[in-house]
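Working notes, beginning with the structure itself.
Each reported figure results from applying straightforward, stated rules to the coordinates on display, with no laboratory input. Predicted, not measured: the structure shown is a model, and the values here were computed from it. Virtual Cβ from ideal backbone geometry, glycine too; neighbours counted across all protein chains shown.
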Amino acid sequence: MWPVWSQTNQTSNRLCSCFLKMACQGLQKGETLATLKKECESLKKKLEEDRGKLNDVELHQVAEKVEVVGALSIKTRRVLKGHTNKVLCMDWCKDKRRLVSSSQDGKVIVWDGFTLNKEHGMSMPTTWVMACAYAPSGCAVACGGLDNKCSVIPLSLDSNENCAAKKKTVAMHTNYISGCTFTNSDMQLLSCSGDGTSALWDVESGQLLQSFHGHTSDILSLDLAPSETGNTFVTGGCDKKANVWDMRSGQNIQSFECHESDINCVKYYPSGDAFASASDDATCRFFDLRADREVAVFQKDSIVFGASTVDFSLSGRLLFAGYNDYTINVWDVLKGTRISMMFGHENRVSRVRLSPDGTALCSASWDNTLRVSRSFPHE
Amino acid sequence: MSGKMCSSSNSIIQAQKLVDQLRVEANMERFKISLTAADLVQYCQEHRRSDPLLTGIAASSNPFKDKKTCVLL
């Protein structure tokens, strides 16, 4: 509603009072903003104090009496060659032998980890397929990347059939897909994206069931809580925050801001009561969800390259972390010390994942290969 | 003038969201590390025997071990 300019005093008086009113409202809004900011500061302070009160002991102190882990001799048993560019992601099938991997070369490959046989090879209409996941049933895989979509591909028993033709788009974001996982069934898919949001989708209909907002920059990783602990998942991203979400309500229930740079990966501890993160700040950290704080930092002066991926061994005692200096460090979660190092990759390690029965570790790398390793039997 | 009003209502909405989020987090029930850490340690100890990478697994049951060649008698 534009004021009509007129020379009459009445109109100009009305205009004056109009602008005065707007100025007054501006003042009221200014006061509200100031009060909100004040409350924000006091709440942040309270959170810090409350969390500090619980810091009565360090994790490694509680673990003092626990016996030290003996030297591990983990050896590479299989090298999976086939991708023609960086391998960005991989996931194990529940059958403990098959794996799916995705690459910058635009391909998604399903491997038999024992025989090295490539069971399926699918070309995506995009390069940089940054995320892939195996469905719980073993009958499908999900993948996504620079196409901003996450698709589900049913795996045919007939190796001659072109699986990619049956690809179905499920998730749609407004930026790259950085991570995806099926929930407890083939029916639902969780995705996270460079657009700063994550979302829960119904696979059959492609319908958005819930979206999760809160990150202020790209999300780089997500992990679903182990099924016993209920419906939550954790995300980590470029805003240096790790957030825990309630899948049903969409609510951000806990937030941790301790890292000094991008969080590249987040992974739950097997009990679901804690999670670990890997960051460009060259550290991995361990967060206790019930104490609501960071309880360990896995770092060394000699480690200066970013950590890109983490996973726990079956008991949660070992943390395998892949770094941009091509190595994998194995940390003692309870004592906070490094147990051993794994070498072999000729470029950045992009993903490490334990097999479902905990017998093997698969590592994916920018050297275009995947390696499957396991420890020597102790005599 | 209207542009300024718009951005200040946006910042108010954002600030309100932040305060609401912090309130949710502040109301969370937390436990002392001495208790929660003890549970984490206990989980590790309870599951250590079934952790193949920690204890090593018998060569015969390991599917990834290289198979020896067959000898025909």
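Below are the figures for this structure:
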{"read-out": "Ranked by how many other beta carbons lie within 10 Å on average, peptides A:129-135, B:18-24, A:187-193 from highest", "value": "A:129-135, A:187-193, B:18-24"}
{"read-out": "Stretchable slack from residue A:61 to residue A:166, in nm (0.36 nm times residue separation minus alpha-carbon distance)", "value": "32.4 nm"}
{"read-out": "Extension gain, residue A:305 back to residue A:175 (0.36 nm per residue minus Cα-Cα distance, nm)", "value": "44.1 nm"}
{"read-out": "Two-decimal log10 I(q)/I(0) for chain A, as the Debye equation yields it once each C-alpha is a single scatterer, q = 0.07, 0.10, 0.14 Å⁻¹", "value": "-0.37, -0.65, -1.17"}
{"read-out": "Choice from A:336, A:344, A:196 with maximal GNM fluctuation in chain A (Cα, 10 Å cutoff)", "value": "A:344"}
{"read-out": "The stretch A:140-208 versus the stretch B:9-27: alpha-carbon centroid distance in Å", "value": "32"}
{"read-out": "Radius 12 Å from Cβ of residue A:232, net charge of other residues (Lys, Arg +1; Asp, Glu -1)", "value": "-3"}
{"read-out": "C-alpha long axis of helix A:9-53 to longest principal axis of chain A, angle in °", "value": "30"}
{"read-out": "Segment residue A:251-residue A:187, extension gain: residue separation times 0.36 nm, minus the distance between their alpha carbons", "value": "20.9 nm"}
{"read-out": "Packing-based order for A:67-78, A:113-124, using average beta carbon neighbours within 10 Å, highest first", "value": "A:113-124, A:67-78"}
{"read-out": "Average partner coverage of A:42-53, which counts Cβ from other chains inside 10 Å", "value": "3"}
{"read-out": "Most mobile of A:53, A:240, A:37 in a GNM of chain A (Cα contacts under 10 Å)", "value": "A:37"}
{"read-out": "Between the stretch A:48-122 and the stretch A:264-308, the Cα center-to-center distance that results, in Å", "value": "15"}
{"read-out": "The stretch A:68-199 - percent relative contact order, Cα under 8 Å, separation 6 or more", "value": "17"}
{"read-out": "Peptide A:272-282, shielding by other chains (average Cβ, 10 Å cutoff)", "value": "1"}
{"read-out": "Per-residue mean of C-beta atoms belonging to partner chains within 10 Å, peptide B:11-17", "value": "4"}
{"read-out": "Residues in the stretch A:48-69 reached by a label modelled at residue B:31 [backbone nitrogen below 18 Å; 7 Å Cα→Cβ]", "value": "A:51-63"}
